[in-house]
Every structure is written in C-alpha cells, then in structure tokens.
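**Student:** Have a look at the structure that comes next, please.
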Amino acid sequence: MSETSSSLINISDLPPSIDNAIKNVTDKPSLSIGTTFSDIWYLVFGGISYLSDKKKIKYAHKIEIFKKQLEDSIDRIPEDKKIEPSVQTTAQALENSKYCMDQDNLREMFSALISNSMNSDYQRDIHPSFAEILKQMSPLDGEVIKVFKNSPLVGLLICRYQVNENGGYQTLLENVFINYFMPNLEACSISISSLTRLGLLKVSYNDILLSKEAYNGFMEHPWFILLKGKFPDKNITIQKGIVSLTPLGRSFTRICIPD
C-alpha cells in the first residue's frame, strides 16, 4: 500500500494540518460513543497522507463507509450494555483496518470487532489477537470462516484427494472443502490451510462422519472426475476428515462475524 500511516505512539509525528478532504470524514465521531474511541480514531486515521488525489478520494470514501458502519453498530448497543472500549483491542483494530479498507467483508468484520468490544455481553469472547488475525486474512478467508459461524460442533466435511499405490499414497490436493458458493477448490484449500495456521480452524483426518453417503459429494465433484481422467491407470481415492472451529475460532466468529 502506498499510503503513509501515522504512528499510534509518537503523537508529535502527526502533521500540524490535515487535508480537508480527509478531515471531513475523520473528524471525531459523536461523543456518544466515548472519548477514548474518538481519540484512538483520530490517532489512527487523522494523520494519513496520500500520494495521489485519486487514491485520496477513494480511500476517504472507504473510511467514510467504515465510520458509518461503526457508528451504526455502536448505536445499536443497548445503553445499559455500552462500556468504554479497550485501547488494546480498539487501537489495534483501527490500525490494522487501514490495510483492509478495499475489502468489504473484512471491513465489516473489523467494524463488528470494534463495536462488540464496547458491548458487555461479548467481553468473555474478546481477544486482543483478533485484530491481527483479521489483518492477515484474505477476502476469501473471510467468506470461508463465515460458513463455520453456525456450523455443528462436530465440524464440517473435508478430505484429501490422493493416489493409492504400492501400499502407500500420494496427496494430489490437501484440505478439499466443498462449498458451492466458492467453486475454486484450490483457493478454498489454501484458505482452510491459512485459517488453520491462524488458529481458527482445526483439521483432523482421524475423525470422520459415520454416514457412508456423507462424503459422496467429494467423489462426484468435477475436480475428482478430472483427476480420474488424468490418471486412468491409478486408484484415485479420498481420505475422509473433519474441519471444525477451535475454541479461539468459536469466539472469533461470535465477535467478528455480524449476525
């Protein structure tokens, strides 16, 4: 990203004047959401400078959308549930959100994290790592993790496509996760691996669903049929597994994925 961001720590680095086009959308949010949050917002967004007018306008528009999302989310918190935001959580979330402004789903998740951190009902699930996790997620990661928000505790189906031969096997595609809204199996495989690395998901090939028909969709998928055609003399099979939320992942989906 070509923007230069202000420091959250060295306030003296902030420029004495701020471009009016940005200032109009980064003035302190309404006092009803708390002075602490207002000050953090200004420190994160108030000192941003730009290298081009086109980027300035586009980015300013995204900040305006983000600010409106936040204000609407915070306004929906019942008055008796509102609490002062944690600087640790809110400052990190606002800082990291700067790098995800162009991704609508990640921006919405940052908004949910920040607003829920001000709601006493969600305090047991808030964790400071969530802001850093969101920063490292791709838009597809955001879509994949949403699938797990209301998933069964046992998890969802996953498998490996593999070639069985000579008493062993070679994996052709790891972490095959079928979701018909996301047809690219390779991209979903990478996303599952990334979400596992971030500690939100766990994959097990020792646990499977007992239903014999449950995994039929993997063997009927065009990818599997393509592999059988590519290796006509090989025994193409699947290794069955389960992918599920970790305890951290359950808290993350409750906090960061809007209902």
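**Student:** Tally Lys and Arg at +1 and Asp and Glu at -1 over the other residues with C-beta under 12 Å from the C-beta of I133: what net charge comes out?
**Tutor:** Around I133, the surrounding residues sum to 0.
**Student:** When the C-alpha atoms of region 159-214 are aligned to their principal axes, what extent does each axis show, in angstrom, from largest down?
**Tutor:** 34, 25, 24
**Student:** When only Cα pairs under 8 Å and 6 or more residues apart are kept, what is the percent relative contact order across region 129-200?
**Tutor:** 29
**Student:** Another question, if that's okay. So how far apart, in nm, are the two label points at D80 and S129 if each is 7 Å from Cα heading toward Cβ?
**Tutor:** Once both label points are built, they end up 3.5 nm from each other.
**Student:** Per-residue counts of other Cβ atoms within 10 Å, averaged by peptide: what ranking do you get for 123-135, 90-102, 178-190, highest first?
**Tutor:** Numbers: 123-135: 17.2, 90-102: 20.9, 178-190: 14.3.
The peptides rank, most packed first, as 90-102, 123-135, 178-190.
**Student:** When the Cα atoms of region 59-189 are enclosed in a convex hull and the volume is divided per residue, what value in Å³ results?
**Tutor:** 150
**Student:** Two decimals is fine: what is log10 I(q)/I(0) at q = 0.14 Å⁻¹ for region 132-259, from a Debye sum with one equal scatterer on every Cα and no solvent?
**Tutor:** -0.63
**Student:** Heavy atoms only, probe 1.4 angstrom, no DNA, RNA or ligands counted: give me I192, I225 ranked by accessible area, highest first.
**Tutor:** I225, I192
**Student:** Starting from the Cα of T196, step 7 Å toward the Cβ, then list every residue of region 226-259 with an amide N under 13 Å from that point.
**Tutor:** Hits in region 226-259 for T196 at 13 Å: 239-246.
**Student:** Put F66, F231 in order of accessible area, largest first, 1.4 Å probe: what do you get?
**Tutor:** Most to least solvent-accessible, the answer reads F231, F66.
**Student:** Another question, if that's okay. At 7 Å along Cα-to-Cβ for each site, give me the label-to-label distance between K68 and I225 in nm.
**Tutor:** Rounded to a tenth, the inter-label distance reads 4.5 nm.
**Student:** Okay, moving on. At E143 and Q88, where each label point lies 7 Å from the Cα along Cα→Cβ, what is the point-to-point distance in nanometres?
**Tutor:** 3.5
**Student:** What does the net charge come to around L200 if you take all other residues with beta carbon closer than 10 Å to its beta carbon, with K and R at +1 and D and E at -1?
**Tutor:** Result for the local shell: +2.
**Student:** Using only the C-alpha atoms of region 149-188, find the volume of their convex hull and express it per residue in Å³. Show your work: numbers first, answer last.
**Tutor:** On the way: hull volume 3.3 nm³, N = 40.
Cα convex hull per residue, to the nearest whole number: 83 Å³.
The values are calculated or read from the model by the stated rules, or taken from the named source; none is laboratory data. Note that the coordinates shown come from a computational prediction; the quantities given were computed from them, not determined experimentally. Reconstructed Cβ throughout: ideal geometry from the backbone, glycine too, with neighbour counts over all protein chains shown. SASA here: full protein model, heavy atoms, side chains in, ligands and nucleic acids out. Shrake-Rupley method; radii C 1.70, N 1.55, O 1.52, S 1.80 Å.
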